[in-house]
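What follows is a single structure, written as structure tokens, with notes after it.
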Amino acid sequence: MQPKLRMAVTIFAASLLSASMISAASRARTPRRKVESHFVGIASWYGIQHQGLKMANGKRFDRHKLTAASWYVPLGTVLRVVNLENGRSVTVTVTDRGPNLRLHRILDLSEAAAWKLGYVEKGLTPVFVSPLLSYAPQHAQFLRTLVPPSTAFVAAYSAPPLPALRALAP
């Protein structure tokens, strides 16, 4: 009788252990990757040496436009970049990929953007980068002619019957 009891207790303990592991696994949540809404890091700039070269978006680089290169945001994203040393800011559009990852920089700005931020002479500067929400309104078409509504859309209205009035007893 003792070996059967030992076997039953072992099976019962194993089933409790597996049930607790299954319930713990079902409650465990996969950690979500935190999406950053802003970045702080070092920015560099690039200018005449890249003038006219093809960028990641397929267009030619123009150092006189307010553009940026980044690995961290999608192409076409509009960014607000603030120079943390002097407080100047500029709005740029991400048009290229870069800077080289081994350089540990978060952004490469065009020469025009670097001039606006005031760090062309230094070459590097600490920046705060945040994406801007883009809003492109879509305008409705305006027809100059008056179009009568379709009969299918005109609701037929009939008033509900009036309740019968009772004579008030004196």
* Scope the stretch 5-47; condition at pLDDT 75 or above and exposed (fewer than 10 other Cβ atoms within 10 Å of the Cβ); matching residues -> Leu5, Ser37
* Report, by residue number, each residue of the stretch 113-170 that is modelled with pLDDT of 70 or more, under 30 Å from Asn86 (Cβ atoms) and among the polar types (S, T, N, Q). => Thr125, Ser130
* Given (1) among the polar types (S, T, N, Q); (2) in contact with a Leu (Cβ under 8 Å, 6 or more places away or on another chain); (3) loosely packed, with under 15 Cβ neighbours inside 10 Å, index of the condition Ser70 fails -> (3)
* Asked: Is there any pair linking a residue in the stretch 111-135 that is touching a residue at least 40 places away in the same chain (Cβ under 8 Å) and of a type in the set (Ser, Thr, Tyr) to one that is open to solvent by 20 Å² or more (accessible area, probe 1.4 Å) and part of a strand (DSSP E or B), with Cβ under 7 Å and at least six apart or on different chains, and which?
  -> Ser130/Arg80; Ser134/Val78
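The values are calculated or read from the model by the stated rules, or taken from the named source; none is laboratory data. Predicted model, so just to flag it, every value in this text is computed and none were measured. In this analysis, Cβ positions are derived from the backbone assuming ideal geometry, glycine residues included, and neighbour counts consider all displayed protein chains. What goes into the accessible areas is simple: the full protein's heavy atoms, side chains included, and nothing from ligands, DNA or RNA. Shrake-Rupley method; radii C 1.70, N 1.55, O 1.52, S 1.80 Å.
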